[in-house]
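The values are calculated or read from the model by the stated rules, or taken from the named source; none is laboratory data. Every value quoted in this text rests on a predicted model; they were computed, and no experiment measured them. Don't worry about glycine lacking a Cβ; one is built from the backbone with ideal geometry, like all the others, and counts go over all protein chains shown. Only protein heavy atoms, including side chains, enter the accessible area calculation; ligands, DNA and RNA are left aside. Shrake-Rupley method; radii C 1.70, N 1.55, O 1.52, S 1.80 Å.
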Amino acid sequence: MVLTRILPPVLPAPPSWFPGHMMKFTRMLPALLTRTDVVLELRDSRLPLTSINRTLEGALRKWRTERGYDPRDPKRRLFDAGACEHLVVFNKRDLVPEWGMEPFRKAMARKFPSQEVIFASWHKPRDIRDLSDRLVSMYLLHPSYIAKEHPYATELNVLVIGMPNVGKSTLLNALRNMGIKGRTPKAFQTSAQPGLTQALSTRLKLSVDPLVYAFDSPGVMVPFLGQGEKGAERGVKLALIAGIKEGMYDMEALASYLLYRLNVLNPISPAYLTLLPDGSSPTNELEEFLSALAKRMGMIKRGAELDLPRAASYFVKWWRDEGGLLAASSAPQLTTSAHLSQLDGHSATQGWGFDFEWQVTPEDLNNRVGDAPEFIQRKMEDCIDNFVVECEQEEREERNISSTQRKKQLSMEEKAKRKLKHMKR
């Protein structure tokens with residue numbers, strides 16, 4: 001059975017979580033970039049678009065312009081004012097299906113030519129070694145390796161930025177262990193909860209020859225997640241990957257969205273079926289799913305009532321611990337004749353990660369188009385285009401700031417006008 005009609009749930013309005021240390025780092029960033037050669041921006045592979053930190057993009061564009069890049073053509077350099085590399089590292093690549101990585105990489109290269117995209121998992125030493133080689137190897141001849149491209153630099157300074165809980169401190173610890181021979185103590189504290197790093201770190205040596213240093217930075221959330229359905233969805237996505245402080249969301253709201261997304265990733269045999277009794281079928285109904293899960297796990301409250309909130313918490317924790325790996329490894333492409341027969345003339349929803357979603361028609365499968373990398377890349381490019389258009393529209397209509405932030409802006413503008421008027425007297 002293929003779920004051909006998968007509807008998103010109604011989601012709560014997003015909370016506001018932008019502590020003072022995040023604002024402080026955002027203001028510090030332009031000055032930090034003047035002594036930075038490489039920006040490593042970490043994003044979560046499950047949320048490749050939602051985990052883009054739009055509050056930092058303006059400072060990065062200015063940095064590239066000051067280092068000689070043409071603001072109208074990101075690939076063209078007018079003059080060379082030193083190393084200026086922006087590497088986008090998608091962490092936790094083992095939590096997204098393998099078949100979508102190369103089409104996504106090509107889609108990003110077309111849409112954001114100034115960024116180099118790297119997939120990695122800090123559980124895989126080879127990924128750490130590859131990233132370390134990109135930063136410090138003086139022997140590799142490929143021109144994209146940064147340390148080889150700028151051998152005249154006495155040292156290379158790397159700044160690691162990104163949303164909360166995308167793995168910045170863990171990355172630096174792994175790179176340090178890879179780059180410094182012998183026993184090296186853990187450099188930074190790490191936590192599964194967001195917000196542990198609240199200040200810019202001291203310089204951490206990643207390599208001796210060549211000399212490479214790195215700074216760890218606080219995870220920075222966007223000040224306002226947005227209005228309406230889009231803002232609500234962004235908030236729930238970030239809360240699911242523990243990018244928002246625990247307790248700011250009801251677990252049943254997270255469970256309802258997680259159920260929806262797992263159905264999109266695999267409408268034939270969603271990963272959550274392993275939690276239910278044998279013979280269970282996919283479902284869009286949260287209460288039906290949580291009731292079956294609570295019965296299976298013996299989650300009963302006093303009075304023989306099923307403990308649905310406890311089942312919701314268990315479901316989200318299961319996905320964060322091992323369910324994400326299972327979902328990624330079992331998410332199919334809808335390409336085979338068996339899929340075609342199950343569609344029964346209907347379109348099916350295909351997804352990759354939690355940010356990409358498109359329709360696959362019987363015609364696509366019949367003509368073997370649905371399994372072509374070019375087809376997937378084109379669908380991903382459409383998703384990226386829609387994301388960029390939505391962000392630009394939100395900025396134009398000022399839907400990316402809250403009413404409180406807007407009041408503060410108006411108050412500051414009024415104070416500036418009064419000050420200017422007073423100086424003219």
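Values computed for the structure shown
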| quantity | calculated |
| --- | --- |
| In the stretch 53-85, the residues that are in contact with a Cys (Cβ under 9 Å, 6 or more places away or on another chain), free of Cβ contacts under 8 Å to residues at least 60 places away in the same chain and either part of a loop (DSSP other than H, G, I, E, B) or among the β-branched types (Val, Ile, Thr) (or both) | ARG67, GLY68 |
| Checklist (1) open to solvent by 30 Å² or more (accessible area, probe 1.4 Å); (2) assigned to a loop (DSSP other than H, G, I, E, B); (3) at pLDDT 85 or above; (4) not acidic (Asp, Glu) applied to THR26, failing item | (2) |
| Failed condition for SER280, given (1) part of a loop (DSSP other than H, G, I, E, B); (2) farther than 21 Å from GLN350 by Cβ; (3) out of contact with any Leu (no Cβ under 7 Å at 6 or more places or on another chain) | (3) |
| Candidate set from the stretch 315-362 (those that are modelled with pLDDT of 85 or more and of a type in the set (D, E, K, R)); member that is most open to solvent (accessible area, probe 1.4 Å) | LYS317 |
| Verdict on THR197 being more than 30 Å from PRO15 (Cβ to Cβ), open to solvent by 30 Å² or more (accessible area, probe 1.4 Å) and at pLDDT below 80 | no |
| Test result for VAL38, free of Cβ contacts under 8 Å to residues at least 60 places away in the same chain and surrounded by 17 or more Cβ atoms within 10 Å (Cβ to Cβ) | no |
| Tabulated pairs, the stretch 170-191, first hydrophobic (A, V, I, L, M, F, W, C) and part of a loop (DSSP other than H, G, I, E, B), second modelled with pLDDT under 60 and open to solvent by less than 60 Å² (accessible area, probe 1.4 Å), C-beta under 8 angstrom, 6+ apart or interchain | PHE188/THR197; PHE188/SER201 |
| Number of the exception - ALA109 against (1) open to solvent by 50 Å² or more (accessible area, probe 1.4 Å); (2) assigned to a strand (DSSP E or B) | (2) |
| Close pairs from the stretch 104-128: first touching a residue at least 40 places away in the same chain (Cβ under 8 Å) and among the β-branched types (Val, Ile, Thr), partner surrounded by 14 or more Cβ atoms within 10 Å (Cβ to Cβ) and in a helix (DSSP H, G or I), Cβ under 7 Å, at least 6 apart | ILE128/ALA174; ILE128/LEU175; ILE128/MET178 |
| Cβ pairs under 7 Å, 6+ apart, first in the stretch 295-314 and surrounded by 13 or more Cβ atoms within 10 Å (Cβ to Cβ), second among the basic types (Lys, Arg) | MET299/ARG310; LEU306/LYS295; ASP307/LYS301 |
| From the options LEU265, LEU276, residue that is without any contact (Cβ under 8 Å) to a residue 24 or more places away in the chain and open to solvent by less than 20 Å² (accessible area, probe 1.4 Å) | LEU276 |
| The stretch 368-396 - residue that is at pLDDT below 80 and of a type in the set (D, E, K, R) and, of those, most open to solvent (accessible area, probe 1.4 Å) | ARG368 |
